[in-house]
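Report on the following structure.
The values are calculated or read from the model by the stated rules, or taken from the named source; none is laboratory data. What you see is a predicted model; the values in this text were computed from it and never measured. Cβ coordinates were reconstructed from backbone atoms using ideal geometry, including for glycine residues, and neighbour counts include every protein chain displayed.
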């Protein structure tokens, strides 16, 4: 049997529990359109998407991490997560917590795809680029860039 290995995209010697900002993308299971549709360059949330939108505002109320900006798309979410203090929480634990709470609260057993994509935001220029990418994602989705 062939053991399929995933390509490692995380920085090899980086401490993912460092206080920093991270660009996160999480896909839905089988990239199913769960949260709504894009219409006229705007994301139109359905009931599930609206509930997820509410969760985004409260999910990290523990002071360890904070969602700076987010965008819900039909089959994925983008957000910038800031870990507030060194060692407060590992990025993987924060994402696991996010996925778990959303799955429970939204009542969809197979909501998320395995894993997630992350990028360490290293400076203000990169933050601005990522921020603009996130808020303009419904517009970009129309053109499949």
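Annotations for the structure displayed:
- Count of the range 27-62 residues which are at positive phi and touching a residue at least 24 places away in the same chain (Cβ under 8 Å): 4
- Residue check, residue 121 farther than 26 Å from residue 42 by Cβ and in contact with a helix residue (DSSP H, G or I) (Cβ under 9 Å, 6 or more places away or on another chain): no
- Checklist (1) assigned to a strand (DSSP E or B); (2) farther than 25 Å from residue 84 by Cα applied to residue 22, failing item: (2)
- Any hit, the range 36-44, residues being crowded, with 16+ Cβ neighbours inside 10 Å, assigned to a helix (DSSP H, G or I) and touching a helix residue (DSSP H, G or I) at 6+ places or on another chain (Cβ under 9 Å): no
- Scanning the range 72-98 for residues that are surrounded by fewer than 19 Cβ atoms within 10 Å (Cβ to Cβ) and assigned to a strand (DSSP E or B) returns a single hit, 82.
- Residues within the range 37-63 that are modelled with pLDDT under 95, under 20 Å from residue 103 (Cβ atoms) and over 16 Å from the mean Cα position of the chain (by Cα), tallied: 2
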